[in-house]
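Novice: Please read through the structure below; I'll follow up with questions.
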Amino acid sequence: MTPLIPMAASVAAEQKSAEVTDWAARIGWLVGLVLFVALVYWLMREGWKWRGTLQGDLPELPTVPEDPGPAKLSMSGRYHGSTTAGQWLDRIVTHGLGTRSRVELTLTDAGLDVVRPGATDFFIPAEALREALLGKGIAGKVLSEGGLLVVTWEHGDKLIDSGFRSDRAAEHTEWVDALNNMINKSTKTEGAR
């Protein structure tokens with residue numbers, strides 16, 4: 001047993017303590033990572049502002065008339081954004097239309113009142129409504145089939161799709177029917193003139 005003791009002592013002498021952490025290198029990597037994330041955020045923000053500048057020709061959004069009439073339907077849910085009609089990835093960001101938010105929708109004879117807490121409210125006049133349908137996606141938000149109420153409307157010389165999701169998805173069909181009936185009545189009235 002005597003030969004084992006010197007051998008164990010020599011093995012112990014050869015072992016070194018754990019290396020000390022190189023704090024300068026870690027801090028450098030951390031600062032680099034923070035700068036990279038800040039750069040990416042800044043580029044995204046500049047892209048958003050650039051898109052708004054490109055869409056600067058869109059006129060101001062209509063406001064609710066003084067007497068819109070009694071509510072036909074109302075719904076609470078989420079506003080998922082607006083896009084150029086038929087192009088579900090071409091988000092419109094000007095006038096706050098690109099901001100996702102909670103929403104309270106009210107349909108009257110005058111049109112569709114869109115009230116968004118924390119974002120810009122807007123009004124879609126009845127004569128500007130073009131179509132309502134059930135969709136599954138808009139502006140980067142994809143839901144199950146029929147999970148999104150998509151309202152097509154005209155603003156200025158541009159057709160816009162706006163996507164809404166009710167807190168109770170079963171309401172979507174009733175909204176599509178009511179909006180399309182309203183649109184059909186308004187086009188028949190215009191055609192009779």
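The values are calculated or read from the model by the stated rules, or taken from the named source; none is laboratory data. Bear in mind that the values here come from a model prediction, so they are computed numbers and not experimental data. In this analysis, Cβ positions are derived from the backbone assuming ideal geometry, glycine residues included, and neighbour counts consider all displayed protein chains. Side chains included, ligands, DNA and RNA excluded: accessible areas come from the protein's heavy atoms. Shrake-Rupley method; radii C 1.70, N 1.55, O 1.52, S 1.80 Å.
Novice: On the given criteria, is Thr83 within 15 Å of Leu159 (Cα to Cα) and within 13 Å of the chain's Cα centre (by Cα)? Quick ask: steps written out before the conclusion?
Specialist: Values: within 15 Å of Leu159 (Cα to Cα): yes; within 13 Å of the chain's Cα centre (by Cα): yes.
Here the answer is yes, as Thr83 does meet what is asked.
Here is a yes/no grid of residues against (1) over 21 Å from Arg51 (Cβ atoms); (2) touching a strand residue (DSSP E or B) at 6+ places or on another chain (Cβ under 9 Å); (3) at pLDDT 90 or above:
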{"residue": "Gly69", "(1), (2), (3)": "yes, no, no"}
{"residue": "Asp90", "(1), (2), (3)": "no, yes, no"}
{"residue": "Ala110", "(1), (2), (3)": "yes, yes, yes"}
{"residue": "Arg130", "(1), (2), (3)": "yes, yes, yes"}
{"residue": "Ile138", "(1), (2), (3)": "no, yes, no"}
{"residue": "Ser162", "(1), (2), (3)": "no, yes, yes"}
{"residue": "Leu179", "(1), (2), (3)": "yes, yes, yes"}
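Novice: Which one of the conditions (1) of a type outside the set (S, T, N, Q); (2) under 17 Å from the mean Cα position of the chain (by Cα); (3) farther than 20 Å from Val64 by Cβ does Glu145 fail to meet, given that it meets all the rest?
Specialist: Of everything listed in (1) of a type outside the set (S, T, N, Q); (2) under 17 Å from the mean Cα position of the chain (by Cα); (3) farther than 20 Å from Val64 by Cβ, Glu145 misses just condition (2).
Novice: Just for the stretch 16-72: of the residues that are under 20 Å from Thr120 (Cα atoms) and of a type in the set (Phe, Trp, Tyr), which one is least open to solvent (accessible area, probe 1.4 Å)?
Specialist: Within the stretch 16-72, the match that is least open to solvent (accessible area, probe 1.4 Å) is Trp48.
Novice: Mind checking whether some residue in the stretch 43-53 is modelled with pLDDT of 85 or more and within 19 Å of Asp161 (Cα to Cα)?
Specialist: no
Novice: Return the only residue of Arg130, Arg168 being open to solvent by 70 Å² or more (accessible area, probe 1.4 Å) and part of a strand (DSSP E or B). Full working, then the answer.
Specialist: Working: Arg168 fails: part of a strand (DSSP E or B).
Going through Arg130, Arg168 in turn, the sole match is Arg130.
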